[in-house]
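Enquirer: First the structure, then my questions, so here it is.
The values are calculated or read from the model by the stated rules, or taken from the named source; none is laboratory data. Remember, predicted model here, so these are calculated numbers, not experimental data. Positions of Cβ are generated from backbone atoms using ideal geometry, with glycine treated the same way; all protein chains shown enter the neighbour counts. Just the protein is used for accessible areas: all its heavy atoms, side chains included, with ligands, DNA and RNA removed. Shrake-Rupley method; radii C 1.70, N 1.55, O 1.52, S 1.80 Å.
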Amino acid sequence: MNMVQRLVERHGFSSTKITLMGKQVFQKDSFLLVNLDTELVHAPNLDQYFNPLAYVFLSRHRAESGISSLTVHSTGNFSKEAELGGRARELGRVNPDLLKNYFISLKKRQGELNDYVVTLEATHHGPTSLMKPVMFVETGPADSNWKDERAGAVVVDALMEALSSPKVWERVALAFGGTHYPEKFYRLLLESDVALASVAAKYSLEDVDSEMFGQMIQKSSRFPKYAAIDWKGMGRHKEKILALAKQFALEVMKL
């Protein structure tokens, strides 16, 4: 709600006088702002109400580390478990350009929030079944972060810039390996012309088979021609992922 208030105050969103599931819908130009009275990872089927270019979820970030963070990620469950929404072994759709543009826009504003870490997260949790790309934009992990108006302002300013000035990047890659906060892929977004679709952290590689690899390709709004691999962050799954990349004719990028 902090981010919602900043969008109204700073970017001119105003009430449409229309409600959805009992909550007001706000609008600015072609952008609609909706409040959901449910956990966002268990979002209802919004496709029955909207036909957008993408869904951006403004969410609370949670982490045991306690580090003040601004994060972004795509959604999906690689495993047979779906404890945090969505369906098991299903990935959400992703717009690689939108994710990269937001991340760059957010990172360049980090000087306004030196006490926060700006980071990318691996693909995780729901919703997974929406028919348009999904991006989670988060602040956290504590109540003080969620209510921090400075952080809310930085996030929405970065988001509106990314949404209003969409840049299409030269290359699109799938990402494999590393931690949940994958530093090498973070740097790839900032320092190259590569945009990322789904990101499978090392802990997810056990569940990446040809079916899930195919989903990673199919659920990207632009066809990925590359597989970006954290060469030292693959564990025992490196050869399997390399074989899958060859099977799907993706060029390997060693990081």
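Enquirer: Which condition number in (1) under 26 Å from Lys23 (Cα atoms); (2) of a type in the set (S, T, N, Q); (3) open to solvent by 40 Å² or more (accessible area, probe 1.4 Å) is the one that Ser65 fails?
Expert: The number of the failed condition is (1).
Enquirer: Within segment 32-50, track down each residue that is open to solvent by 50 Å² or more (accessible area, probe 1.4 Å), under 19 Å from the mean Cα position of the chain (by Cα) and either under 24 Å from Ser220 (Cα atoms) or of a type in the set (Phe, Trp, Tyr) (or both).
Expert: Leu32, His42, Asn45
Enquirer: So which residues in segment 88-108 are open to solvent by 40 Å² or more (accessible area, probe 1.4 Å) and either part of a loop (DSSP other than H, G, I, E, B) or of a type in the set (A, V, I, L, M) (or both), if there are any at all?
Expert: Listed by number, the residues that qualify are Ala88, Arg89, Arg93, Asn95, Ile104, Lys108.
Enquirer: Going through Ala142, Ala158 one at a time, which residue ends up being open to solvent by less than 10 Å² (accessible area, probe 1.4 Å), more than 24 Å from Gln215 (Cβ to Cβ) and over 13 Å from the mean Cα position of the chain (by Cα)?
Expert: Ala158
Enquirer: Now a separate question. Filter segment 200-220 for residues that are part of a helix (DSSP H, G or I) and not aliphatic (A, V, I, L, M) and give the result.
Expert: Lys202, Tyr203, Ser204, Glu206, Asp207, Ser210, Glu211, Phe213, Gly214, Gln215, Gln218
Enquirer: Only one residue in Gly178, Gly233 is in contact with a Gly (Cβ under 9 Å, 6 or more places away or on another chain), within 27 Å of Tyr55 (Cβ to Cβ) and not in a helix (DSSP H, G or I). Which one?
Expert: Exactly one residue qualifies, and that residue is Gly178.
Enquirer: Mind telling me which of the residues Ala227, Ala197 ends up being buried (at least 18 other Cβ atoms within 10 Å of the Cβ), assigned to a strand (DSSP E or B), modelled with pLDDT of 95 or more and touching an Asp or Glu at 6+ places or on another chain (Cβ under 9 Å)?
Expert: Selected residue: Ala227, the only one of Ala227, Ala197 that is buried (at least 18 other Cβ atoms within 10 Å of the Cβ), assigned to a strand (DSSP E or B), modelled with pLDDT of 95 or more and touching an Asp or Glu at 6+ places or on another chain (Cβ under 9 Å).
Enquirer: Out of all the residues in segment 4-31, which are of a type in the set (A, V, I, L, M, F, W, C) and either touching a Lys or Arg at 6+ places or on another chain (Cβ under 7 Å) or open to solvent by less than 90 Å² (accessible area, probe 1.4 Å) (or both)?
Expert: Within segment 4-31, Val4, Leu7, Val8, Phe13, Leu20, Val25, Phe26, Phe31 meet the criteria.
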